[in-house]
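Chemist: One structure, as structure tokens, below. Some questions next.
The values are calculated or read from the model by the stated rules, or taken from the named source; none is laboratory data. This is a predicted model, so every value here is computed, not measured. Cβ coordinates were reconstructed from backbone atoms using ideal geometry, including for glycine residues, and neighbour counts include every protein chain displayed.
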Amino acid sequence: MLPIDVKPDKLVKEMSDFSRKLGRGVENLLDAGEIDTGVTPKEAVYREDKLTLYRYRAEKGAKQGKVPLLIVYALVNRPYMTDIQENRSTVRNLLAEGQDVYLIDWGYPDGADSSLTLDDYINGYIDRCVDVIRRRHDLDSINLLGICQGGAFSLCYTALHQEKVRNLITMVTPVDFKTPDNLLSAWVQEIDIDLLVDTLGNVPGELLNWTFLSLKPFSLTGQKYVNMVDLLENEQNLKNFLRMEKWIFDSPDQAGETFRQFIREFFHKNGLINGTVQIGPSVVDLKQITCPVLNIYAEQDHLVPPDATRALRGRTGSTDYSEVSFPGGHIGIYVSGKAQSQIPPAIAGWLGKRAEEEEGPRAKGLGPRKKKGQGPRA
């Protein structure tokens, strides 16, 4: 066993530095004030029950594409992760790349929502939001970006309503829910979902949050708070840390019946892979997705392993399928500086190329796209 070389003068210095950082950090914590959530200006264009559909405002004079992009986020946690701060905003960078961005904010379900089903969310809420946007822009179809569980919802929606989706982008989206390296899935397989929902009704967001944190208990519940001391002296770094903490613990409850169905259909039955997911009267067949598909995954994702996402390849009916990998984790793909320089430009470039290809036949005199702008007015 090697001897531990601890020099007294070095130890004294480290303890002094730690005390100084901690003291200064307490002052910064007391002065931090309210931590904002979402930084890009937006307007509500449609509301229904707890849901709000937002349209983000581009910089004055900025060009925007003709076909809007709707972001469908997961029900778990809050969608402002995509717009967490000025220099770490997927939304802002998509706007800068010329995208016209909308986002569904699911809000906070309560007891009145406990009987909502997957059919209500996918054939109901998402479909009506898509129709609102189609009507506002007088288009027959729009672009869809689904994130995590929202990506699974977007796959189901596109398979059932392909005529309304021009291009589909999935981001850190689980497709195969039973890959060998999926620790979360291994835990979920043992859950008696009927007992859980019948007992609790809506599933508490706090319960799910601590489940996710327990996947990496040392780094997510211990080490990061030790490392936080190094951030306390810098007011901006501290606020960035607190924004992340606020997001992590801002976990809405889950509508009981939707949660029951999602666990059963996606985790227990692995229904996307097996073609058995039942949404209302219909069964989801991924082969019904014929539009271009861009599938984005994170190489160090501990919640949705890369193999779980890459399983989408070859399972849709699209002849235009692309993948983009990011060397980071499930959260880093939204908030890291490297991600911001890579992912929004990749999405915009991919959409732009397909827009140009689509415009080609029209430029040759084949006529405009037929309009089918139906749905509720915003």
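Chemist: Might you let me know whether region 167-177 holds any residue that is surrounded by fewer than 22 Cβ atoms within 10 Å (Cβ to Cβ), out of contact with any Leu (no Cβ under 8 Å at 6 or more places or on another chain) and not polar (S, T, N, Q)? Before you say what the answer is, go through the steps one by one.
Modeler: Start the filter on region 167-177 by keeping residues that are surrounded by fewer than 22 Cβ atoms within 10 Å (Cβ to Cβ), which leaves 176.
Cutting the leftovers down to out of contact with any Leu (no Cβ under 8 Å at 6 or more places or on another chain) gives us none.
Checked region 167-177: no residue is surrounded by fewer than 22 Cβ atoms within 10 Å (Cβ to Cβ), out of contact with any Leu (no Cβ under 8 Å at 6 or more places or on another chain) and not polar (S, T, N, Q).
Chemist: Looking at region 76-86, can you tell me whether even one residue there is surrounded by fewer than 20 Cβ atoms within 10 Å (Cβ to Cβ) and not aliphatic (A, V, I, L, M)?
Modeler: Yes, region 76-86 has at least one match.
Chemist: Here's a follow-up. Within region 124-134, restricting attention to residues that are of a type outside the set (A, V, I, L, M) and within 19 Å of the chain's Cα centre (by Cα), which residue is surrounded by the most Cβ atoms within 10 Å (Cβ to Cβ)?
Modeler: Applying the filter and picking the extreme gives Cys129.
Chemist: Here is a follow-up. Using the structure shown, decide if Val277 is modelled with pLDDT of 95 or more, over 30 Å from Lys353 (Cβ atoms) and surrounded by fewer than 19 Cβ atoms within 10 Å (Cβ to Cβ). Quick ask: steps written out before the conclusion?
Modeler: Details: modelled with pLDDT of 95 or more: yes; over 30 Å from Lys353 (Cβ atoms): yes; surrounded by fewer than 19 Cβ atoms within 10 Å (Cβ to Cβ): no.
For Val277, the condition - modelled with pLDDT of 95 or more, over 30 Å from Lys353 (Cβ atoms) and surrounded by fewer than 19 Cβ atoms within 10 Å (Cβ to Cβ) - is not met.
Chemist: Yes or no: Leu116 assigned to a loop (DSSP other than H, G, I, E, B) and within 15 Å of the chain's Cα centre (by Cα)? Step through it out loud before you land on a result.
Modeler: On the way: assigned to a loop (DSSP other than H, G, I, E, B): yes; within 15 Å of the chain's Cα centre (by Cα): no.
No: the conditions fail for Leu116.
Chemist: Of the conditions (1) surrounded by 19 or more Cβ atoms within 10 Å (Cβ to Cβ); (2) within 24 Å of Ser336 (Cβ to Cβ), Val284 fails just one. Which one is it?
Modeler: Answer for Val284: the failing condition is (2).
Chemist: Right, here's the next one. In region 152-179, what residues are more than 24 Å from Gly349 (Cα to Cα) and without any contact (Cβ under 8 Å) to a residue 40 or more places away in the chain?
Modeler: His161
Chemist: Okay, moving on. Could you tell me which numbered condition His302 fails, if it satisfies all but one of (1) surrounded by fewer than 20 Cβ atoms within 10 Å (Cβ to Cβ); (2) under 20 Å from Asp176 (Cα atoms); (3) without any contact (Cβ under 8 Å) to a residue 60 or more places away in the chain?
Modeler: All conditions pass for His302, except number (3).
Chemist: Looking at region 312-324 only, could you name the residues that are out of contact with any Pro (no Cβ under 7 Å at 6 or more places or on another chain) and surrounded by fewer than 20 Cβ atoms within 10 Å (Cβ to Cβ)? Show your work before the answer.
Modeler: So in region 312-324, the residues out of contact with any Pro (no Cβ under 7 Å at 6 or more places or on another chain) come out as 312-317, 319, 321-324.
Scanning region 312-324 gives Arg313, Gly314, Arg315, Gly317, Thr319, Tyr321, Ser322, Glu323, Val324.
Table: residues versus (1) over 16 Å from Ser154 (Cβ atoms); (2) modelled with pLDDT under 95; (3) exposed (fewer than 15 other Cβ atoms within 10 Å of the Cβ).
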{"site": "Ile296", "(1), (2), (3)": "no, no, no"}
{"site": "His330", "(1), (2), (3)": "yes, yes, no"}
{"site": "Gly365", "(1), (2), (3)": "yes, yes, yes"}
{"site": "Lys372", "(1), (2), (3)": "yes, yes, yes"}
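Chemist: Is it the case that some residue within region 100-111 is surrounded by 23 or more Cβ atoms within 10 Å (Cβ to Cβ), touching a helix residue (DSSP H, G or I) at 6+ places or on another chain (Cβ under 7 Å), not small (Gly, Ala, Ser) and not in a strand (DSSP E or B)?
Modeler: No: region 100-111 contains no residue that is surrounded by 23 or more Cβ atoms within 10 Å (Cβ to Cβ), touching a helix residue (DSSP H, G or I) at 6+ places or on another chain (Cβ under 7 Å), not small (Gly, Ala, Ser) and not in a strand (DSSP E or B).
Chemist: Which pairs turn up if I take residues in region 259-276 that are within 29 Å of Asp110 (Cβ to Cβ) and look for partners that are among the hydroxyl-bearing types (Ser, Thr, Tyr) and in a helix (DSSP H, G or I) with beta carbon separation below 8 Å, at least 6 apart in sequence or on another chain?
Modeler: Phe267/Ser185
Chemist: Additional query: When residues of region 110-144 are filtered for being within 24 Å of Pro292 (Cβ to Cβ) and among the small types (Gly, Ala, Ser), how many remain?
Modeler: Of the residues in region 110-144, 1 are within 24 Å of Pro292 (Cβ to Cβ) and among the small types (Gly, Ala, Ser).
Chemist: Out of the helices (runs of 4 or more DSSP H) lying entirely within region 141-234, which hold 1 or more residues that are in contact with a strand residue (DSSP E or B) (Cβ under 6 Å, 6 or more places away or on another chain) and at pLDDT 95 or above?
Modeler: On the way: elements: 149-160, 183-188, 193-200, 205-213, 224-227.
Those helices (runs of 4 or more DSSP H) span 149-160.
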